[in-house]
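Encoded as structure tokens, the structure appears first; notes follow it.
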Amino acid sequence: MAEHFPGIPVIPFEGPKSKNPLAFKHYNATEVVEGKSLRDLLRFSVCYWHTFRGTGSDPFGPGTLLRPWDDGTESVDNAVKRVDAAFEFIHKLSAPFYCFHDRDVAPEGATLAESNRNLDVVAKALKSAQDRTGVKLLWGTANLFSNPRFMHGAATSCNADVFAYAAAQVKKAIEVTHALGGENYVFWGGREGYMNLYNTDMKREIDHLARFMHMAADYAKAIGFKGQFLFEPKPKEPTKHQYDFDAAACLNFLRGYGLQDKVKLNIETNHATLAGHTMMHELEYSRIQGALGSIDANTGDLLLGWDTDQFPTDIYLTTQCMLVILKQGGLAPGGVNFDAKVRRESFEPIDLFYAHIGGMDAFARGTKIAAAIRKDKVLEDVVKKRYASFDDGIGKKIEDGSVSFVDLEKYMLDKGNADPNSSGRQELLENIINDYL
């Protein structure tokens, strides 16, 4: 079989002093951090849609990326050939997982039946490549946003036939994910929202979204798919408002419709930013609710108000992510998926390696820094001290639920005034974190 990335070996770990751009400086897959190897802790995944289907196009111009293995057609033969290139890349990168949308890996046909046949052909090639390389499927999902039929949404469409089509497409995507040994299945609601409330029955749309997810869960159980369901918060772009706006909105929806035991969240940095949050906030909110399932690792450009999906190279960002993820003990069966794309100007195939190596090294560094912070209990001790007034006395009674407003009024009338506050020491803590970086 001819190489699609000739001259590039399996990427080695050479350590921080290496000057080799095709080597890991910090990601040593076998290095153990907090009792787990970095490979098992981070569970890196390569996304099929950006890495192998991205063209470098933007609103002002067509694609620029050179992909010699791709003949430019939407044929099944080309899709099968693309699988070989994809798995050569993933194998040489030593990433243990990949992720895909159904329409990323196989072309859409003129009918649902033809689309399903196309997907079956490519799924067979994917299974063969998985067996050959040992790369596994982290999660699959269905593209319910690109085709014009989804202009009003999919599960939230005002057109019942579109709802039915989306259900059939997800049914097939779950089957293929199951057949390929996928460990999760993601609901990515790119158009599950509205542009104008004048023509929208919001309650009906949200009810329909919940019914759709319940039917998906029922079908997964019927075919024996035991993978984790994941719901991905996304606030806007393309719609004005999306029902999966942020982690809080998603969890409110899941609880309100009895889905909280069936679905966890897949959190993305760029989506957190668009919702007006930090990634650390979205991760921690999900974690404390028992709902943090997986992450899409990317970042945005704070000077651009849209989802730029850049590779994560900010060590502060990766450290903050890993402070939360280590607190949870990892993400399995989820992982760290690089939902990121090389820039339009980074058009050569080798740039794919540079981008992923940088992201993997950044997360490895963030993991080790976060572990050192946790080992020294720098933040843990500060937080414990800050809330010490709730460990005994009136604070403990408040947390135990053994006092009422009447009791608290009497307590304060007797005491006369509250004890003085202590400083939050934000600047000191930021300095301390800097010392670790």
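The values are calculated or read from the model by the stated rules, or taken from the named source; none is laboratory data. From a predicted model like this one, the values you see are computed outputs, not experimental measurements. All Cβ positions, glycine included, derive from the backbone under ideal geometry; neighbour counts span all protein chains shown. When the accessible area is computed, the model is the full protein with side chains, heavy atoms only, and any ligands, DNA or RNA have been set aside. Shrake-Rupley method; radii C 1.70, N 1.55, O 1.52, S 1.80 Å.
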- Which semi-axes, in whole Å and largest first, does the equivalent ellipsoid of segment 17-72 have when worked out from the alpha carbon gyration tensor as the square roots of 5 times its eigenvalues? 34, 15, 11
- Item | Descending Cα extents along the principal axes, segment 204-315, whole Å | 45, 30, 24
- Query: With all protein chains present and a 1.4 Å probe, how do Cys158, Cys250 order by accessible area, largest first?
  - Reply: Cys158, Cys250
- With the contact rule set at Cα under 8 Å and sequence spacing of 6 or more, what percent relative contact order holds for segment 122-206? 39 percent
- Query: So what is the accessible area of segment 160-203 per residue, in Å², with the probe set to 1.4 Å?
  - Reply: 46 Å²
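If you put +1 on each Lys and Arg Cβ and -1 on each Asp and Glu Cβ, how big is the dipole of segment 17-73 around its Cα centre, in Debye rounded to 20?
Numbers: 8 positive and 6 negative charges, 58 e Å.
Using only the charged Cβ atoms, the result is roughly 280 debye.
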- Message: So if each residue of separation counts as 0.36 nm, and I subtract the Cα-Cα distance between Ser423 and Phe60, what length gain in nm does that give?
- Response: 125.7 nm
- Note down the Stokes-Einstein diffusion coefficient of segment 255-363 in µm²/s, whole number, using a Kirkwood radius over alpha carbon pairs, 37 °C, and 0.692 mPa s. 224 µm²/s
- Note on the structure: Zone reached by a paramagnetic label modelled 7 Å from Lys397 Cα along Cα→Cβ, restricted to segment 409-424 with backbone N below 17 Å, covers 409-419
- Query: Is any residue of segment 209-242 close enough, with backbone N under 16 Å, to a label point placed 7 angstrom from the Cα of Asp201 along the Cα-Cβ axis, and if so, which?
  - Reply: 209-212
- Query: Mean 1/r over all different Cα pairs, inverted: what Kirkwood radius does segment 29-133 give, in Å?
  - Reply: 15.3 Å
- Message: Would the chain count as rounded, prolate or oblate if I go by the C-alpha gyration tensor, calling it rounded below 1.5 in a/c and otherwise prolate when a/b exceeds b/c, oblate otherwise?
- Response: oblate
- Yeah, segment 327-370 with a ≥ b ≥ c from its alpha-carbon gyration tensor (a/c under 1.5 is rounded, else prolate when a/b outruns b/c, oblate otherwise) is prolate
- Item | Rounded if a/c under 1.5, otherwise prolate or oblate - segment 309-407, Cα gyration tensor axes | prolate
- Query: If you rank Asp102, Asp419 by how much accessible surface each has, with a 1.4 Å probe, what is the order from largest down?
  - Reply: Asp419, Asp102
- Note on the structure: By accessible area (1.4 Å), largest first, Thr64, Thr239 order as Thr64, Thr239
- Item | Carbon plus sulfur fraction of accessible area for the chain, probe 1.4 Å, in percent | 54 percent
- Between segment 6-25 and segment 241-302, what is the C-alpha centre distance in whole Å? 34 Å
- Item | Dipole magnitude of segment 174-313, debye to nearest 20 (Cβ charges: Lys/Arg +1, Asp/Glu -1, about Cα centre) | 440 debye
- Message: For segment 134-218, what does the convex hull of the Cα positions come to per residue, in cubic angstrom?
- Response: 90 Å³
- Message: So with the 1.4 Å probe, I'd like the accessible area per residue for segment 352-428, rounded to whole Å².
- Response: 70 Å²
- Skip the ligands, DNA and RNA, and give the accessible area per residue of segment 1-92 with a 1.4 Å probe, whole Å². 50 Å²
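Nearest 0.05, what FRET efficiency do Asp261 and Asn147 give at R0 = 25 Å with Cβ-Cβ as r?
0.20
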- Note on the structure: For the table Lys264/Lys384; Lys171/Lys234; Lys36/Lys375; Lys127/Lys341; Lys375/Lys397, the rows whose alpha-carbon distance is greater than 20 Å are Lys264/Lys384; Lys171/Lys234; Lys127/Lys341; Lys375/Lys397
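Pull up the DSSP beta bridges for the chain and report the antiparallel fraction as a percent, rounded to 5. Can you show the working numbers first?
Details: 6 of 33 bridges.
That works out to approximately 20 percent antiparallel.
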- Note on the structure: Reduced to Cα centres, the span from segment 110-163 to segment 360-437 in Å works out to 46 Å
- Set Lys and Arg Cβ to +1 and Asp and Glu Cβ to -1, take the dipole of segment 306-389 about its Cα centre, and tell me which of Ala355, Gly335, Gln310 lies farthest positive. Gly335
- Any lysines whose Cα falls less than 18 Å from that of Lys19, other than same-chain ones fewer than 8 residues away, would be none
